[in-house]
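Asker: Below you will find the structure I want to go over with you.
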6 protein chains.
Amino acid sequence: MQDFFASDRPVLVVAPHPDDEVLGAGGLMARLADAGRAVHVAVVTRGMAPDFPDSLIETVRAEARRAHAHLGVTETHWLDLPAARLGEVPHGEVNAKIGALVRDVAPGLMLVPHVGDIHLDHQLIFLSSLVAARPHQADYPATILAYETLSETNWNAPYLSPGFLPQVFADITQTIDRKLEAFAMFESQVRAAPHERSIETIRALATLRGGTVHRAACEAFVLIRHAA
Amino acid sequence: MQDFFASDRPVLVVAPHPDDEVLGAGGLMARLADAGRAVHVAVVTRGMAPDFPDSLIETVRAEARRAHAHLGVTETHWLDLPAARLGEVPHGEVNAKIGALVRDVAPGLMLVPHVGDIHLDHQLIFLSSLVAARPHQADYPATILAYETLSETNWNAPYLSPGFLPQVFADITQTIDRKLEAFAMFESQVRAAPHERSIETIRALATLRGGTVHRAACEAFVLIRHAA
Amino acid sequence: MQDFFASDRPVLVVAPHPDDEVLGAGGLMARLADAGRAVHVAVVTRGMAPDFPDSLIETVRAEARRAHAHLGVTETHWLDLPAARLGEVPHGEVNAKIGALVRDVAPGLMLVPHVGDIHLDHQLIFLSSLVAARPHQADYPATILAYETLSETNWNAPYLSPGFLPQVFADITQTIDRKLEAFAMFESQVRAAPHERSIETIRALATLRGGTVHRAACEAFVLIRHAA
Amino acid sequence: MQDFFASDRPVLVVAPHPDDEVLGAGGLMARLADAGRAVHVAVVTRGMAPDFPDSLIETVRAEARRAHAHLGVTETHWLDLPAARLGEVPHGEVNAKIGALVRDVAPGLMLVPHVGDIHLDHQLIFLSSLVAARPHQADYPATILAYETLSETNWNAPYLSPGFLPQVFADITQTIDRKLEAFAMFESQVRAAPHERSIETIRALATLRGGTVHRAACEAFVLIRHAA
Amino acid sequence: MQDFFASDRPVLVVAPHPDDEVLGAGGLMARLADAGRAVHVAVVTRGMAPDFPDSLIETVRAEARRAHAHLGVTETHWLDLPAARLGEVPHGEVNAKIGALVRDVAPGLMLVPHVGDIHLDHQLIFLSSLVAARPHQADYPATILAYETLSETNWNAPYLSPGFLPQVFADITQTIDRKLEAFAMFESQVRAAPHERSIETIRALATLRGGTVHRAACEAFVLIRHAA
Amino acid sequence: MQDFFASDRPVLVVAPHPDDEVLGAGGLMARLADAGRAVHVAVVTRGMAPDFPDSLIETVRAEARRAHAHLGVTETHWLDLPAARLGEVPHGEVNAKIGALVRDVAPGLMLVPHVGDIHLDHQLIFLSSLVAARPHQADYPATILAYETLSETNWNAPYLSPGFLPQVFADITQTIDRKLEAFAMFESQVRAAPHERSIETIRALATLRGGTVHRAACEAFVLIRHAA
């Protein structure tokens, strides 16, 4: 059966910080890459001294490169806005950077963080991504999905911040192991259970999201727009 | 571009009363039929004396047959539950009737009324449709969309009943005229403007829903589930 | 640290059908029983012929008895309203049956199904439980929590039916195994993965709910009321 | 300043049970009656034996008559549907009774109970009132407001049932005392503090709702529709 | 029939950028001006070089002047905060500018953009308008309505950002043509169909909003507060 | 009966401006202090010239000291971020200041302002408080409650901003008088009725929140998280 992951246009995954894209959509990225789609990742922010030591920044970036290669990512775009300081950057600048990339990549499918995540960077990037993808001319991303990020999505305020109640389930039975391997490559970021950023919790989430639609493993998304 | 209307499995449109399916999805039905998909309509209720005169019931049914033929409907299923009295029918019976049809038709795409419509029949059929489509075995409708019904969806209580805030937009530029013709065939049901059930309002809604995604005419839907 | 599971008053778990209470709160029930609290279960409905064969009903009931014993349940109350037909029972009668039990048991903590579950029985029992626990005199259940039920809570309509976004997390690290054993005793009800009612999915849910608050395993709840 | 209570058309207050209308809108009713508007009350249900003793029913009805006279009510309409059993009455019948009254009274302003109240009768009457007031011809009630009922509105499930978050505040500084007197006439229904149905709580609510808009006393409402 | 547009106090329409006020409330502005009310417009932002060329800014401003004259606007107030950069302006400064105008104009009715619009300027101006209109003394705007803006309101995230579900419908049958003429005067801003900012879409929206309450054309609003 | 206020760990009340903590939780603070718990208050902002005259700042601070002493506060922490300018402070700095305090105090119970309050400072402090209390290691505040602030919580936009619909009710029958006395000590902040910041309205709110759970006086809260 064909489905809305079946387009042959590029995919753009917008990640506030390296590893968000793997936590939220690593399995789908691998599946789409396997199917021959071009998969682009935009890493919007960059840790900057003195908030983050330079050595850590290089480490994480190297980890991301390995993980992306493992998942079959076509190209990673480093937008280099300051991590954890996005509220201090003019909103128009974030819009412009993501907007330029949307024009260049011309994705058919766009995956964005969830506006209800506890991290302000995630909230601001969500809004800028929607601005960048506005349907104000004939061509724009036909499908926009918000992904969930362990250690962000479940830590905001139930019923007061926007809830993550997914309607879209992507079968990742074939790629869940590759997703876990890719996340494990972020050695500086992975945590031991019972932390939410642990391999065990990531696998549990995939099992649960899969069970909801009778599949062995899924990633779940909230649909923002699908025009077709 | 391929999309989630691109499956080759049958489509099942669940209509509480004849003409709801045309108001909510007549353009998409015609588009999918043109593309070679089998399009089934389930008319769940039947007006019954003394609530409704027999002559009217036959008239509406004949109108529906003409309209469905005009839109390319493959088959219309009359479930014959009592119109405007669905609250008096055991919930399990409604579930069973729709469930049997889902098993027979095995749709890939299911279109259902919106749970926030003001008509209790719509609310109950929404719930029964979801029960019938539960993903409790490997095969089930991959996509469920709720459609909007002029004269029902806008007349419930804003912010207190479930709101209709669509994320899915189906381009019906090629079939909007056929939709309007099909609705005009319901001579007993069409109303003069400014009634919501008028040709003018249906066209205005299609123009507005189209404009939202830069298309000449669209039908809009709320996504309930998409698994792929 | 003391907490709101620390009262010495009885606990009442309201289950629409046998096994809902184990899916939703089996781990907490065992933990509270271990701590010396009286744990009561009310099984509100009974499958009835011809909807359900008599043999199945007896089987499920025997399974429930074993499971409850394994979890340390003090007493199981069979309210014997007709399963899957609660919409046909006068609302006042459901209120009255649950109300009488609340008066008899005088629970300090009450666990109820979630109003957003896809099963109409769950929705109606939620409302009747709240009616039964109204604070219209000095004494009433101080704490009411809604539990989640795999195969019910995730199958309703995201954003249109009430969402389950938990704020209360009960640590069941010590009792998760007992919960899984108790559910396995429902041999007629357990399903193979990837069904949501499988041992694998129940464990995944516990791992996820635990990870959210840095614990190995949790059950999660939505708070309805806490007065203290 | 003129306002939307300034029309000269009749007012219709829909009360599930006698005294709901006084709790929710007694002050506004008196104010509008003082201003010369015709104020109609529809008491939708009647307690019936054996649920309610005949003597109590007559008592409450007599209390309602006194209270209504005190508030300046033009006419009280007793619809005599069975109290606490509205779920057993065909939905179409409730619609029809309220619909007939709306046609007869032709109100410009309609006050209805809140759909989020814990009492099922309130929920059903809310829906039927909206059906009765549908804008499907040129004339219909221009304004519909939902009122709050102490002992009903605050006892449902926060965030899961529809919340009461008022936007409309009616100044009842001149009539709050009359409202309290009218409620006190329901000797069989008034409760001692700290019950929500006490004089003290009613006054506290009026003070709070007033304070929100810098007035000594207000009644607050949720707007359902205003067309003008 | 009198209504809440019937006060004789001034009206204040808060527009983030020139033409928002016409898209959202141009028909009502003309109707109220015709009825003799003073209609004030506050244009909160001003495009500034280098984001916007000076020539464009003058053009738009001249267009706004013509459009306002056509609609009968009493006075236009240019607050000159930087367009698309409101997030960089201290919140207190926006509050202060709008607050000063509210004190000067002393409006009875205030029309503001919708907080759920996709443009951050709209969101921030909504909040500042509410701060400016707080009921912390005896006099304040009795009625606050949020209007919808084509190309802003429909492009945010359904169910995640605040939805626009109107309860207030203003009949603009007499002024819809003048509204369209006024918008056409914004020659630099009008777009060809099927863009949302086209004459066709504006008319379609008016027809739809009208049909919902059986009128030929309406503008629709969400009520924020009405105190009377 | 024990309850979730029964822990022996410290309490931390986060107040955007002095007196918010008394309005929202003064009664509970006194009750917990009486019960021997350490009660800490963090006053996050400080009025600064020229927005606020120095004399006023000293006055308010002295008032707060008296009020806190009257309520039995253990220690008041002045974080000295600029009042009404929190949007201009880097988000990470607010997170860091509150985060350091959470580490030092190690509270079991944390009381925070409501994210739906109309004051931007309240919204930002809510988010920073949740960031500070993230469960990303074994120890963190087990319980987080949002309190309501008269003159802030009721003045935002119903249904568009996050609503305050409390599930937690703390009995303050024994301490309501002390709360009112403490608030009266803020002579520069208290207002005459019918302002929301008046003694009369504070008492009315306590009576209403109490009545909802059959107590003479309560403070009400929205639960953000309880892990136990």
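Asker: Nothing charged except the Cβ atoms of Lys and Arg (+1) and of Asp and Glu (-1): what's the magnitude of the dipole of chain F about its Cα centre? Round to the nearest 20 debye.
Answerer: Value, rounded to 20: 420 debye.
Asker: Sorted by average packing, counted as other Cβ atoms within 10 angstrom per residue and highest first, what order do B:27-33, D:54-60 take?
Answerer: Values: B:27-33: 25.9, D:54-60: 14.1.
Answer by packing, highest mean first, reads B:27-33, D:54-60.
Asker: Still on this model: Give the nm distances, rounded to one decimal, from D:Gln174 to the matching residue in every other copy, measuring between label points 7 Å along Cα toward the beta carbon; shortest first.
Answerer: Once sorted, the set of distances for D:Gln174 reads 2.9, 4.7, 6.6, 6.6, 7.6 nm.
Asker: Once you order the gyration tensor axes a ≥ b ≥ c over the Cα atoms, which shape class does region A:21-127 get: rounded for a/c under 1.5, otherwise prolate or oblate by comparing a/b with b/c?
Answerer: oblate
Asker: Given Cβ point charges of +1 (Lys, Arg) and -1 (Asp, Glu) and nothing else, what value in debye, to the nearest 20, does the dipole of region A:19-130 about its Cα centre take?
Answerer: It works out to roughly 340 debye.
Asker: Here's another thing I want to ask about it. In debye to the nearest 20, how big a dipole does the protein assembly as shown give about its Cα centre with +1 on each Lys and Arg Cβ and -1 on each Asp and Glu Cβ?
Answerer: Here the protein assembly as shown has a charge dipole of around 0 debye.
Asker: Compute a Gaussian network model of chain C, connecting alpha carbons closer than 10 Å, and tell me which residue from C:Leu12, C:Leu165, C:Leu150 fluctuates the most.
Answerer: C:Leu165
Asker: Starting with the highest mean, order A:125-136, C:14-25 by the number of other Cβ atoms within 10 Å, averaged over the residues of each peptide.
Answerer: Ranking the peptides A:125-136, C:14-25 by packing returns C:14-25, A:125-136.
Asker: Let me ask something else about it. Roughly how many percent of the accessible protein surface of region E:11-226 is carbon and sulfur, given a 1.4 Å probe and a whole-percent answer?
Answerer: Accessible surface attributable to carbon and sulfur in region E:11-226 totals 52 percent.
Asker: Counting only complete DSSP H runs, which helices of chain C cover 15 Å or more along their long axis at the Cα atoms and score a mean Kyte-Doolittle of -1.0 or above?
Answerer: C:20-34, C:54-71, C:91-105, C:120-132, C:199-212
Asker: Any idea how many Lys pairs in the protein assembly as shown come in under 29 angstrom at the alpha carbon, given 8 or more places apart or on separate chains?
Answerer: Lysine pairs meeting both conditions in the protein assembly as shown amount to 6.
Asker: Would you please report the Å³ per residue occupied by the convex hull of the alpha carbon atoms in the protein assembly as shown?
Answerer: Roughly 151 Å³ of hull volume per residue.
Asker: I would also like to ask the following. For region C:152-218 and region F:1-76, what is the separation of their Cα centres, given in Å?
Answerer: 40 Å
Asker: In the Gaussian network model of chain B, springs joining C-alpha atoms below 10 Å, which of B:Pro194, B:Pro166, B:Pro107 carries the largest mean-square fluctuation?
Answerer: Of B:Pro194, B:Pro166, B:Pro107, the most mobile in the Gaussian network model is B:Pro194.
Asker: So what is the 222 nm mean residue ellipticity for chain E from helices alone, if each DSSP H run of at least 4 adds -39500 (n - 2.57) and you divide by all residues, rounding to the nearest 500 deg cm²/dmol?
Answerer: -12000 deg cm²/dmol
Asker: OK, next. Could you tell me which residue in chain A puts its beta carbon nearest the axis mapping A onto D, with the distance rounded to whole Å?
Answerer: In residue-and-Å form, the answer is A:Tyr159, 2.
Asker: At 7 Å along Cα-to-Cβ for each site, give me the label-to-label distance between D:Ala192 and F:Asp177 in nm.
Answerer: 2.0 nm
Asker: From the Cα gyration tensor of region D:111-166, with a ≥ b ≥ c the square roots of its eigenvalues, which class applies: rounded if a/c is under 1.5, or else prolate if a/b is larger than b/c, or else oblate?
Answerer: Since a/c reaches 1.5 and a/b is larger than b/c, the shape of region D:111-166 is classed as prolate.
Asker: Is there a simple number for the mean count of other chain Cβ atoms within 10 Å of the Cβ of residues in C:192-204, and what is it?
Answerer: Values: counts 0, 6, 13, 6, 9, 2, 2, 0, 6, 6, 2, 3, 12.
Other-chain Cβ atoms within 10 Å of each residue's Cβ, averaged: 5.
Asker: May I pose another question? Take chain A, connect every pair of alpha-carbon atoms lying under 10 Å apart with a spring to form a Gaussian network, then pick out the residue of A:Ala182, A:Ala100, A:Ala217 with the largest mean-square fluctuation.
Answerer: A:Ala100
Asker: To the nearest 0.05, what FRET efficiency results for B:Glu75 and A:Ala216 with a Förster distance of 41 Å applied to their C-beta separation?
Answerer: 0.70
Asker: First check a/c for region F:11-226, with a ≥ b ≥ c the square roots of the eigenvalues of its C-alpha gyration tensor; if it is under 1.5, answer rounded, and if not, answer prolate when a/b is larger than b/c or oblate otherwise.
Answerer: Working: a/c = 1.29, a/b = 1.10, b/c = 1.17.
Since a/c stays below 1.5, the shape of region F:11-226 is classed as rounded.
Asker: Taking every residue in A:75-88, how many Cβ atoms of other protein chains lie within 10 Å of its Cβ, on average?
Answerer: So the per-residue partner count for this stretch is 2.
Asker: Take every residue in peptide F:168-174, count the Cβ atoms of other chains within 10 Å of its Cβ, and give the average of those counts.
Answerer: Average neighbour count from other chains, rounded to a whole number: 3.
Asker: Still on this model: Among B:His40, B:Ile172, B:Ser188, whose Cα lies farthest out toward the positive end of the dipole of region B:11-226, if unit charges sit on the beta carbon of Lys, Arg (+1) and Asp, Glu (-1)?
Answerer: After comparing all options, I get B:Ile172.
The values are calculated or read from the model by the stated rules, or taken from the named source; none is laboratory data. Computed from a predicted model, the values in this text were never measured in an experiment. Methodologically, a virtual Cβ is constructed for each residue, glycine included, from the backbone with ideal geometry; neighbour enumeration extends over all protein chains shown. Accessible surface areas use protein heavy atoms only, side chains included; no ligands, DNA or RNA. Shrake-Rupley method; radii C 1.70, N 1.55, O 1.52, S 1.80 Å.
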